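These notes are about the structure you will find just below.
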Amino acid sequence: MTFDIRQTEFPSDRQKAIWYCGVLVMPEALSLSDKAKALMDAELFESCRQMRLFMLHSLRAMYDDASGRAFDPYQYFSVWLNIMGAAPDENVGNDRVIFASSKNVKALLSKENGLYAGVLANAGIFVQTDEGTIEISNAKYPKMFRAMKAMQTYVREKKERASLENSFQICDFRKICPGYKYDKTEKKAFMREAEDRVPLILTGENRETALAFIAFLRSKKIKLKWTGIQNNYSETGATYGEGKGICYVGLGDAYQRGRKDGWIAGVTLENLSQYEAAVAAEGLTDFVLDNVYLCDKTPANACNGGEKSIYACHRGKDVTVLGKEVKYICRLRNQNSVSVYVHDPDEAAMEKLMRVVALELGARGK
């Protein structure tokens with residue numbers, strides 16, 4: 001029922017939208033961590049676990065049947081919010097929910113022609129319609145309703161905006177834990193430390209390599225700072241040495257040559273001339289030259305909002321690096337530095353990158 005974050009091709013745009021919603025559902029290890037479990041009663045914890053599984057199951061059923069149906073995952077989430085919001089507290093049990101009949105909801109749930117009837121049946125939902133009321137139960141995830149009500153209540157009372165970061169949609173159950181304390185990195189669902197964000201985006205070898213690189217940066221006292229949410233999650237080296245960033249970690253970064261999957265590890269070399277001999281002696285020359293970060297645009301254009309923008313790229317520049325002229329090196333981060341960015345580094349590339357980082361740190365007196 002899980003969705004592969006590495007998927008890059010989709011049968012249709014509709015299925016891509018469904019896939020993206022599935023990817024955003026938080027891993028159980030984060031949303032239902034040991035800390036969260038300790039603050040919930042056993043029934044609520046099990047209800048949350050089943051709600052998460054139901055969300056993933058229904059999204060997968062939607063994805064598999066999307067070729068012939070106009071499924072809208074955002075509408076689907078809204079239907080559930082409306083259902084739980086319409087049901088009085090006394091009509092929401094551990095195994096069912098009863099609410100006043102609504103033409104719109106009834107049309108979506110109807111067994112005969114409802115848009116989501118097949119999806120819901122696949123995920124265990126049973127809908128019984130009586131005069132004036134609708135009763136919903138679930139044979140596969142019978143205890144999910146209490147968690148759904150708690151999430152809907154939180155979203156309503158906290159006035160969370162309808163977006164992909166909505167707690168209900170991503171199943172961030174920590175929000176409903178009695179007494180759960182967020183630290184400063186958890187004010188929003190995805191404003192976490194890099195180590196926590198990696199499992200949301202990367203899988204397999206990429207996940208392990210990224211975590212190893214982040215651990216290496218921590219060991220070198222390099223600060224990692226969250227840079228903002230677009231459709232990706234990034235870390236950048238905060239101030240170090242003379243107040244200049246040194247390392248960059250981009251997870252699912254949409255801005256690096258149009259790639260939206262995988263990850264990027266990078267280092268800004270302010271002092272490369274000081275350790276050229278070491279780079280050559282240790283066989284790192286080709287590694288640096290092959291991964292120099294080049295400008296996206298032609299030299300006649302400035303990136304990121306034009307030449308007057310504070311984010312302007314300053315245009316590519318021809319620079320001699322390790323005795324070789326390299327054309328159009330990006331000048332975004334610093335006019336006098338060379339950046340090395342590696343996409344999806346394997347273990348061998350990571351060892352080389354960490355050695356280059358260590359050499360740069362040494363030149364900065366760290």
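Here, each number is a calculation from the coordinates, and none is a lab measurement. All figures in this text were calculated on a predicted structure; none of them were measured in a lab. Virtual Cβ from ideal backbone geometry, glycine too; neighbours counted across all protein chains shown.
Once backbone amide H atoms are built at 1.01 Å from N, Ser339 has Leu269, Tyr293 as its partners under 5 Å, excluding neighbours fewer than 5 places away on the same chain.
Taken as Cα centroids, region 1-45 and region 121-150 sit 21 Å apart, rounded to the nearest whole angstrom. When each of Arg161, Arg60, Arg69, Arg197 is scored by the number of other beta-carbon atoms lying within 10 Å, the sequence from fewest to most is Arg161, Arg69, Arg60, Arg197.
A convex hull fitted around the alpha carbon atoms of region 13-181 yields 110 Å³ per residue. Checked against a 26 Å cut-off, the cross-linked pairs Lys223/Lys352; Lys37/Lys143; Lys37/Lys225; Lys37/Lys140; Lys175/Lys225 give Cα-Cα distances beyond that limit for Lys37/Lys225.
In this simple spin-label approximation, Leu289 and Arg355 carry label points 7 Å from Cα along the Cα→Cβ vector, and these lie 1.7 nm apart.
What the Cβ-Cβ distance of Lys35 and Thr133 gives, at R0 = 41 Å and to the nearest 0.05, is a FRET efficiency of 0.60.
Taking every Cα-Cα distance in region 13-107 and sorting them into 5 Å bins starting at zero, the pair-distance distribution P(r) comes out as 2, 11, 18, 19, 19, 17, 9, 4, 1 percent.
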